[in-house]
Amino acid sequence: MEYVNMLVTDRPVVIFSRSTCCMSHTIQALLLGFGANPTIYELDEIPNGKQIERALQQLGCQANAPAVFIGGQLVGGANQITTLHLQNRLVPLLKQAGAIWM
């Protein structure tokens, strides 16, 4: 878990993703569409991806990918990000984290 915390610290938006996951791609596109520039870790392409997956599960991620951190805090997966977007709460969260400036 400490390794995951190190990866998300000082980065406005971090996505732990899978290169073959359509929901990961959708969430990435949504955040990029707002002008955010997330740091993306493809768990199936990095050497310690399995370890990170286990750490994300220990942090409370229900699904392995995507796992989205905003402002260093775990927000959740695709369902949580979509819900925040539909409730008009995603953009303020991104602004607060310094990920966008509009």
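Brief remarks on what is shown
- Computed as a quarter of the hull surface, the mean projected area of the alpha carbon convex hull for the chain stands at 5.7 nm².
- In order along the range 89-95, the Karplus-derived 3J(HN,Hα) couplings, from 6.51 cos²θ - 1.76 cosθ + 1.60 at θ = phi - 60°, round to 10, 6, 4, x, 5, 5, 5 Hz, and Gly and Pro are given as x.
- Within the accessible area of the range 1-96, the carbon and sulfur atoms contribute 50%, probe 1.4 Å, all protein chains present.
- Among residues other than Ser24 with Cβ under 14 Å from its Cβ, the summed charge is -3 (Lys and Arg +1, Asp and Glu -1).
- Computed [θ] at 222 nm, deg cm²/dmol, the chain (DSSP H ≥ 4; -39,500 (n - 2.57); rounded to nearest 500): -13000 deg cm²/dmol
- Across the range 46-102, the mean sequence separation of Cα contacts (distance under 8 Å, 6 or more residues apart), normalised by length, yields a relative contact order of 21 percent.
- Cα extents of the range 59-102 along the three principal axes, largest first (Å): 31, 22, 12
- Taken per residue, the accessible surface of the chain reaches 57 Å², heavy atoms only and a 1.4 Å probe.
- Mean-square fluctuations from a GNM of the chain, with a 10 angstrom spring cutoff on Cα atoms, peak among Pro66, Pro92, Pro12 at Pro92.
- Relative contact order [Cα under 8 Å, 6+ residues apart], the chain, whole percent: 34
- Tensor-based shape of the range 15-62 (alpha-carbon gyration tensor, a/c under 1.5 rounded, otherwise prolate or oblate): prolate
The values are calculated or read from the model by the stated rules, or taken from the named source; none is laboratory data. Since this is a predicted model, take the numbers as computed values, not measurements. When we count neighbours, we look across all protein chains shown, and the Cβ atoms used for this are built from the backbone with ideal geometry, even at glycine. When the accessible area is computed, the model is the full protein with side chains, heavy atoms only, and any ligands, DNA or RNA have been set aside. Shrake-Rupley method; radii C 1.70, N 1.55, O 1.52, S 1.80 Å.
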